[in-house]
Amino acid sequence: MNKQKLVYIAFFLVFFIVILNFMPRTEKGPEEVENISVEEAKRMVERGDVFVLDVRTPSEFNSSHIEGATLIPVTNASGSNLSPESLLEARINEVPKNKKVLVYCRSGHRSTSASTILINSGYSQVYNMEGGINAWIGAGYPVLSSEDQEA
């Protein structure tokens, strides 16, 4: 093979690689988190076809949470000292795989991490609520506290 043919082949390969990099990707990769607005989250909760997962600490959950939410903390944030057995990675089997999962925290950071853990564990219908409970409350949507449930 002469040098001119090698140059053409190399040019073609580089051109092909560049084209592939600029093509839009239609499939969501397994590591991508699907963020949804609080309005979309509220519609999901109202339809009742979603498992609502609160990944904050117990004290945060007790102060305010979405009705029907299940608390499974993702980390020991905010001074919590939960054992590793109490956190999401150890309790992941409590989250149903056959249902949509709406994940939220205080502002959206911990829920992104939790959503990634779920996706990497084989969950396919995971939705991260952008802005967390702060955005939910900011939109005027109802929350419960442990005091509400005791009354």
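What to note about this one:
- Within the stretch 80-151, the proportion of C-alpha pairs whose separation exceeds 15 Å stands at 62%.
- Inter-site label distance for Glu32 and Ser121 at 7 Å from Cα along Cβ, in nm: 2.3 nm
- Note on Lys3 and Glu46: the model spin-label points, each 7 Å out from Cα along the C-beta direction, lie 7.2 nm apart.
- Here Lys42 is the anchor, and the lysines within straight C-alpha reach of less than 18 Å, apart from those fewer than 8 places off in the same chain, are Lys99, Lys100.
- Per-residue Cβ neighbour counts within 10 Å put Ser124, Ser115 in the sequence Ser124, Ser115, beginning with the fewest.
No lab work stands behind these numbers, since they all come straight from the coordinates. Bear in mind the structure is a predicted one, so any value in this text is a computation, not a measurement. Cβ atoms come from the backbone with ideal geometry, glycine included; neighbour counts cover every protein chain shown.
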